[in-house]
Amino acid sequence: MAPSPATLGLRDVGRTFGGLRALDQVSLDLAAGEVLGVIGPNGAGKTTLFNVVCGFVRPTSGSLTLDGAPWRPQPHRLAGQGISRTMQGLGLFGGLDVLENVMMGATRTSRAGWASALLGGGRSRGDEQRLREAATSVLDELAIADVAHARPGALPYAVRKRVALARALVSRPRLLLLDEPAGGLGAADVDELAGLVRGLPRHDRHPCSVMLVEHHVDLVMQVCDRVVVLNFGQLIAAGPPAQVRADPAVLEAYLGKAG
Ligand SMILES: Nc1ncnc2c1ncn2[C@@H]1O[C@H](COP(=O)(O)OP(=O)(O)OP(=O)(O)O)[C@@H](O)[C@H]1O
């Protein structure tokens, strides 16, 4: 049976940097199989929130839960907990082809089983074959199998972003954290990305929950089941996209105008 998508909770999470409250009593929930968007103007605390969930930044107050249990995120343990992330920088290896880059995603992120055999040196031909098949299958799903043997540097930026997404998905996470997935993409590529992200919780064998932190409001409104809005570190609105879009506090804070 496929593992179920993860749930995530933040309760009164705060983070200060010196005297600055980058996050101020933020509480939110991500339900299983939900796509949750986090938006807000520059400096609102989005990256800090993302980094708290990834374990790069420790909250100064509050608590987190994963699947309802108390959770202290640590970057090196995320993979073992079924969590993958993409970062703003693509971080692809220029000397490897696309397929190898995606295979690296599994070897870097899997804790147990076939992929760890590759890390531990107990590498067999069967392991490698399985890894190759897993990577090929994700490339297929993201419609980039045709560039499997190209070097990332030779590909358009939008395709490289898709490779980075494939690398995060090859470990078949239960929770995917996306940091500005639409950054640097044109309108057509954003639409395609929206389709891909929307499909993630509906994957027939490996459905996952998704949290995405994003500047691109249109993408967030297109793909998210719910959106939370930060401003000066505080959560000022949360709800379905249409509701959030019409919220006067959001218009005021995020779009810089009321009504
Ligand atoms: N490591 C740090 N040290 C000091 N201040 C920080 C640090 N990280 C973030 N901040 C401050 O915390 C606040 C929130 O920053 P953050 O990067 O989380 O916002 P953001 O919403 O991601 O902004 P942007 O949309 O511009 O990327 C900002 O005022 C920022 O200057």
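The values are calculated or read from the model by the stated rules, or taken from the named source; none is laboratory data. Note that the structure is a prediction, hence the values are computed from the model and not measured. All Cβ positions, glycine included, derive from the backbone under ideal geometry; neighbour counts span all protein chains shown. Surface accessibility is based on the protein's heavy atoms, side chains included, excluding ligands, DNA and RNA. Shrake-Rupley method; radii C 1.70, N 1.55, O 1.52, S 1.80 Å.
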Exercise. Per the Kirkwood definition applied to all pairs of different Cα atoms, how many angstroms is the hydrodynamic radius of the chain?
Worked result: 18.9
Exercise. Taking Cα pairs under 8 Å and at least six residues apart, what relative contact order does the range 1-79 come out at, in percent?
Worked result: 35
Exercise. Working from the pairwise distances between different alpha carbons, so that the mean of 1/r is found and then inverted, what is the range 147-201's Kirkwood radius in Å?
Worked result: 12.1
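Kirkwood hydrodynamic radius of the range 150-242 from all distinct Cα pairs, in Å?
Numbers: mean 1/r = 0.0701 Å⁻¹.
About 14.3 Å, per the Kirkwood formula over Cα pairs.
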Exercise. Using unit Cβ charges (K, R positive; D, E negative) and no other charged atoms, how large, in debye to the nearest 20, is the dipole of the chain about its Cα centre?
Worked result: 780
Problem set entry | 3J(HN,Hα) from dihedral phi, the range 4-11, Karplus parametrisation 6.51/-1.76/1.60, rounded to Hz, x for glycine, proline | 7, x, 7, 10, 9, x, 10, 10
For this session: Could you check how much of the accessible area of the range 1-61 is carbon and sulfur, as a whole percent, using a 1.4 Å probe?
Result: 51
Exercise. Based on the alpha-carbon gyration tensor of the range 14-72 and its eigenvalue square roots a ≥ b ≥ c, which shape applies: rounded if a/c is under 1.5, prolate if not and a/b is larger than b/c, or oblate?
Worked result: oblate
Problem set entry | Vicinal HN-Hα couplings computed from phi for the range 40-49 (Karplus, 6.51 cos²θ - 1.76 cosθ + 1.60; Hz; Gly/Pro x) | x, x, 3, x, 6, x, 4, 5, 4, 4
For this session: Please give the contour-minus-distance gain from Phe56 to Leu20: 0.36 nm per residue of separation, less the Cα-Cα distance, rounded to one decimal in nm.
Result: 11.2 nm
Exercise. Normalised by the residues of the chain, what does the relative contact order come to in percent, with Cα pairs under 8 Å and at least six apart?
Worked result: 28
Problem set entry | In degrees, nearest ten, helix 125-141 long axis to first principal axis of the chain (Cα) | 50
Exercise. With every protein chain kept in the model, how would you rank Met221, Met87, Met211 by accessible area, 1.4 Å probe, largest at the top?
Worked result: Met87, Met221, Met211
Exercise. For helix 157-169, what angle does its Cα long axis make with the longest principal axis of the chain, in degrees from 0 to 90 and rounded to 10?
Worked result: 80
